[in-house]
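Heads up: the structure comes next, in structure tokens.
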Amino acid sequence: MRARIDLRSDTVTQPSDRMRRAMAAAEVGDDWYGDDPTVNRLQDRVAELTGKQAAIYLPTGTMCNQIALHAYVRSGHLAVCETTAHVGRTEVSSAAALSGVAFRYLTAPDRGLLLGEQVAAALAPDPYDVAVVDLVSIENTHQVGGGSVMSVTAVRDVAATCAAAGVPLYLDGARIFNACAVAGVPVAAYAGAVSSMMLCLSKGLGAPIGSVLAGDAEFIAEARRLKILFGGAWRQAGIMAAAGLIAVEEGPGRLPEDHANARNLAEGVAELLPDSIDPDAVETNILFIDVSGTARRAAEWRDLLADEGLLVTMIGNRIRMLTHVGIGPEAIQAALAAWRRAAKAA
Ligand SMILES: Cc1ncc(COP(=O)(O)O)c(C=O)c1O
């Protein structure tokens, strides 16, 4: 049996020994009542890091996004997002079911990165006042865009457009620290440009559970109410928050390793399957291999690779791989060996 290399997502990680020790020793309270000291420390730390007035610790990134949509968008109104954004694609039914929210989709010219001018056109008032936009949402890094990084300047450009139209701007920052590592800026540089944002602790930062929503005090007070409404009022959540505190301190610094590993993987696959990926476009930890030019469909590649001990996912006819804290340079070499064996398989 070959060793299994799991590149399906950066969520498949194991908590570090330090996280497990901190979880075992965590001081806890009942978070419904707001008196879990470890949760409160994590929330304060994220508020400080983002420069926002307040933050709230939630079980998932999806819950952060859904609470934000519910808070900003009136039922029957619209949110603007990029065509392949997580919030408007993967979570489209959640937004419809929980909040009566529909989306106005904008297709970005390059790797999911929305432009201010596109957003401006989408915010033009509807003369009949039927299709009313209450929120613009951006995603950074952009997952389906291949982990692409939106610069602070580009975010400010969209923010200025939103401000001119009086529409709040929300940032799905599930992987914002990956963007920060590439842009060379603190998370506050992005947070300062938007009305509110979320970040995930359970992705590149390696925590087992949890995401944090940050914004002004009034928004977070409403988010606290919605957390209970949506059934997310967990109790001794400090056990998980203890790992989250370590994730925000230790996680960001090692992300460049994930990015270098992803680039090496992209270069190796590009040698094997020319034109399937441009390694120069791999900025962070996500890569897509377009297998349209090969004799096999993505689902066949996925199954062949699994037989060779490499787990991947697919979107359309593209294979998706993510590097993460559990993957070092040796695992990248082993993943490339699996690709080579799969390419030879009948
Ligand atoms: C960009 C983006 N936003 C939000 C989410 C949702 O996060 P969660 O899986 O914690 O609900 C994901 C999950 O992969 C994501 O990639």
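So if I check each of Leu78, Leu115, Leu171, which one is among the hydrophobic types (A, V, I, L, M, F, W, C) and farther than 25 Å from Ile220 by Cα? It is Leu115.
Within the range 192-216, the set of residues being assigned to a loop (DSSP other than H, G, I, E, B), touching a Phe, Trp or Tyr at 6+ places or on another chain (Cβ under 7 Å) and either farther than 13 Å from Thr62 by Cβ or of a type in the set (Val, Ile, Thr) (or both) comprises Val194, Ser195, Gly204, Leu205. In the range 37-53, what count of residues is obtained for those that are surrounded by fewer than 24 Cβ atoms within 10 Å (Cβ to Cβ) and farther than 23 Å from Val194 by Cβ? The qualifying residues number 3. Considering the range 283-302, and only residues there that are buried (at least 16 other Cβ atoms within 10 Å of the Cβ), more than 21 Å from the chain's Cα centre (by Cα) and not basic (Lys, Arg), the residue that is farthest from Leu255 (Cα to Cα) turns out to be Thr294.
Taking the range 19-36 as the range and being surrounded by 12 or more Cβ atoms within 10 Å (Cβ to Cβ) and part of a helix (DSSP H, G or I) as the test, the residues that pass are Met19, Arg20, Arg21, Ala22, Met23, Asp31, Trp32.
With respect to Val269, is the statement that it is more than 30 Å from Ala55 (Cα to Cα), without any contact (Cβ under 8 Å) to a residue 60 or more places away in the chain and outside the structural domain of Val187 (by TED's automatic domain parsing) true? No: the conditions fail for Val269. Among the residues here, Phe177 qualifies as more than 30 Å from Ala97 (Cα to Cα) and of a type in the set (Phe, Trp, Tyr). Please work out which residue is nearest to Arg254 (Cα to Cα), limiting yourself to the range 1-12 and to residues that are out of contact with any Asp or Glu (no Cβ under 9 Å at 6 or more places or on another chain) and aliphatic (A, V, I, L, M). Filtering first and then ranking leaves Leu7.
For the range 54-116, no strands (runs of 3 or more DSSP E) sit wholly inside it while including 2 or more residues that are at positive phi and either crowded, with 23+ Cβ neighbours inside 10 Å or touching a residue at least 40 places away in the same chain (Cβ under 8 Å) (or both).
Got at least one residue in the range 259-282 being more than 25 Å from the chain's Cα centre (by Cα), modelled with pLDDT under 95 and charged (D, E, K, R)? Yes, the range 259-282 contains a residue that is more than 25 Å from the chain's Cα centre (by Cα), modelled with pLDDT under 95 and charged (D, E, K, R).
For Leu171, the conditions (1) without any contact (Cβ under 8 Å) to a residue 40 or more places away in the chain; (2) more than 16 Å from the ligand (Cβ to nearest atom) are fulfilled apart from (2).
Does Arg4 fit the bill of being closer than 13 Å to Ala247 by Cα and touching a residue at least 12 places away in the same chain (Cβ under 8 Å)? Even if it seems obvious, please write down each step before you answer.
Details: closer than 13 Å to Ala247 by Cα: no; touching a residue at least 12 places away in the same chain (Cβ under 8 Å): yes.
No; evaluated as a whole, the condition is false for this residue.
Would you say Leu49 is within 16 Å of the ligand (Cβ to nearest atom) and assigned to a helix (DSSP H, G or I)? It is false that Leu49 is within 16 Å of the ligand (Cβ to nearest atom) and assigned to a helix (DSSP H, G or I). On the basis of being surrounded by fewer than 24 Cβ atoms within 10 Å (Cβ to Cβ), under 17 Å from Gly251 (Cα atoms) and either modelled with pLDDT of 95 or more or not assigned by TED's automatic domain parsing to the domain that holds Trp234 (or both), does Pro15 make the cut? In short, yes.
The values are calculated or read from the model by the stated rules, or taken from the named source; none is laboratory data. This is a predicted model, so every value here is computed, not measured. Every residue, glycine as well, gets a Cβ built from its backbone with ideal geometry; the counts of neighbours run over all protein chains shown.
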